[in-house]
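Working notes, beginning with the structure itself.
What follows draws every value from the coordinates through simple rules; no lab data is involved. Note that this is a predicted model, so its numbers are computed, not measured. Neighbour counts run over all protein chains shown; Cβ positions are idealised from the backbone, glycine included.
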Amino acid sequence: MTDQVIDVTDLRRVYGGGFEAVRGISFEVGRGELFALLGTNGAGKTSTVELLEGLAAPAAGRVRVLGHDPYTERAAVRPRIGVMLQEGGFPAELTVTETVRMWAGCTSGARPVAEALDVVGLTKRAGVRVKQLSGGEKRRLDLAMALIGRPEVLFLDEPTTGLDAEGRRETWELVQELRDGGTTVLLTTHYLEEAEELADRLAILHEGRIAAEGSVADVVAAQPSHVSFELPEGYFVGDLPPLAGIGVTGHETVGRLVRLRTNELQRTATELLVWARDARITLGSLDVRAASLEEAFLRIAREAGTADDASGRPGRKEMAA
Amino acid sequence: MSTLTTTPAGRMTSLARAEMTLLARSKGTLFAALFVPMVLPFSVASAVDEADLKEAGLSVGTMLLPSAVGFSLIFAVYGSLIGVFVARREELVLKRLRTGELRDHEILLGASLPAVAIGLAQTLVISVGCVAFLDAGTPGALHYAVLGVLLGIVMFGALAAVTASFSRTSETAQVMSMPLIFLSMLGSGLVIPFEVMPDGLASVCERLPLSPVIQLVRGGWTGGLSTGEAFDAAVTAVVWTLLSVSAVRRWFRWEPRH
């Protein structure tokens, strides 16, 4: 009995034109865990997930899903996984029921069609042709098909893209129920709040590499918090208490605006406010902000972008999502 | 709870059923698959000269029957399957099917079943029709004819997948299918029997993909095919089929080009 349901080691994927979409990533997902791959468009999320699903062979590295190679040992893996692709892949002229029935006939231990539709709330649309479904309904049809075989491992590639707020909330609840029921879930998303809401652990992918990995708390903890404010006329940064002494790890100024970075937010904020009171000055536009996943995400994108500019390589944001 | 484990036959049946539904809803494809192969042979019939045929040991019936089978393979099997493979690939259906338990060859076979069924049904209707109304007579060596039809269906199914591999859209698929369609119609004995072709040309044309099928079906009916000739034709058909299958394995595209 292996507890690592997904095990990825130094994985690489190179497309026909020579573009390296996945550049040596490693991670593990344990049984019953919900792991999110977070990244901008073109970060390599789908390229990675397709390798885990066994749709393509990696250029280098190793993938194991439930202890098997998903590409060469397809027959051993497929009956135990469920896949939701980023884009539908349904014949436009079939009805919802016909589509699910076809898939059920190809899936071991499939739920009855009516039950599968009920799980995702598509019962009322059962007789409608796929071409007449909204984008959100198509995503739910895709989810119904991924779930029909009661998979042990579920791959969800951007499951809520195109859904409205309510649909997104419903999908989240469904995914949480599945996870609570013991299903291992790997999902990709470019919505930070989705990763924050659902993921036990996550990896931030950027340009084919893992830029940060861990629980949401771990990833956030590695980020500094910020205090920003405007100094009144006649005051300068040098007038503040010694920055290192109040826990500040770095600062930047733009005109009278000062932005402090700190890993000890409470101490820095307290010392700063006490100083301001004693000096009888008012700090304008005061903003005290704890680290967040968003900050982590943006910093990673920004830093990697700067590194790229420095080495003179062009950005490739929109390629091979 | 339904069946615990799927079988290849069960999976392909499920896929074929969905494809059958889609075929029934696609009027253009259905028309091309049902109507064209049934009507074209009769336009050929008016063009054939009975005197020439007699010299070659053929009647209108034994000339028309293999031609009709050939048209059925070209339009009902080859033509409609290219459309199916390209459309399913471009709709990302093939990609989705590959995420499930279906193996690659099951996907192609399952999706082909409705077209194959139509091809077989047409062959049966054509044969009965030619015997009943055109004095094709009873077949002298039915097993050759059956062998020819079966090889033809497998070969043209595989050739459809090859053509689909090199066609980006349904429109380009129609263009890409033209060479084989014209070559088959003109060179494989559908309109002009090999017997009336110059010898040099005939020996080249006999090696075209559809030619051995026509020879086997015609010879199966007239009984005028020696074992050696039948074997030769069967080998040609098998070689084309194996080439097509290996081309599919090598070049078939499961996803649209980006």
Spin-label pair A:V237/B:V204, simplified geometry with 7 Å Cα→Cβ offset, distance in nm: 8.3 nm
Take the alpha-carbon centre of the stretch A:176-252, take the same for the stretch A:6-42, and report the distance between them in whole Å. 21 Å
Running a GNM on chain B with Cα contacts under 10 Å, which residue among B:S184, B:S203, B:S67 ends up with the highest mean-square fluctuation? B:S203
Running a GNM on chain B with Cα contacts under 10 Å, which residue among B:V84, B:V125, B:V162 ends up with the highest mean-square fluctuation? B:V125
Full-stretch length increase - B:V196, B:T7 - with 0.36 nm per residue and alpha-carbon distance subtracted: 63.0 nm
I want the local charge near B:I214. Using Cβ-Cβ distances under 13 Å, sum +1 for each Lys or Arg and -1 for each Asp or Glu among the other residues. -1
Using modelled amide H (1.01 Å from N, peptide plane; none on Pro or chain starts), what sits under 5 Å from the amide H of A:A211, excluding residues fewer than 5 places away? A:I204, A:L205, A:H206
Students often get this wrong: which residues of the stretch A:8-36 have the backbone nitrogen under 16 Å from the point 7 angstrom along Cα-to-C-beta of B:E255? A:12-23
For an R0 of 41 angstrom, estimate the FRET efficiency from the Cβ-Cβ distance between B:V60 and A:A57 and round to the nearest 0.05. 0.15
As a percent rounded to 5, the proportion of antiparallel DSSP bridges among beta bridges in the protein assembly as shown is 65 percent
Net charge around B:G100, counting only other residues with Cβ within less than 13 Å of its Cβ (Lys, Arg = +1; Asp, Glu = -1)? +3
When chain A is treated as a Gaussian network with springs between alpha carbons less than 10 Å apart, the largest mean-square fluctuation among A:V100, A:V14, A:V65 is found at A:V14
List every DSSP H helix in chain B whose Cα atoms extend 30 Å or more along the helix's own long axis and whose mean Kyte-Doolittle hydropathy is at least -1.0. B:104-133, B:142-165, B:227-251
For a paramagnetic label modelled at 7 Å from the Cα of A:E20 toward its Cβ, which residues of the stretch A:189-223 fall within the zone defined by backbone nitrogen distances under 13 Å? A:207-210
Using the Cβ atoms and a cut-off under 12 Å, what net charge is assigned to the surroundings of A:S225, where Lys and Arg are +1 and Asp and Glu are -1? +1
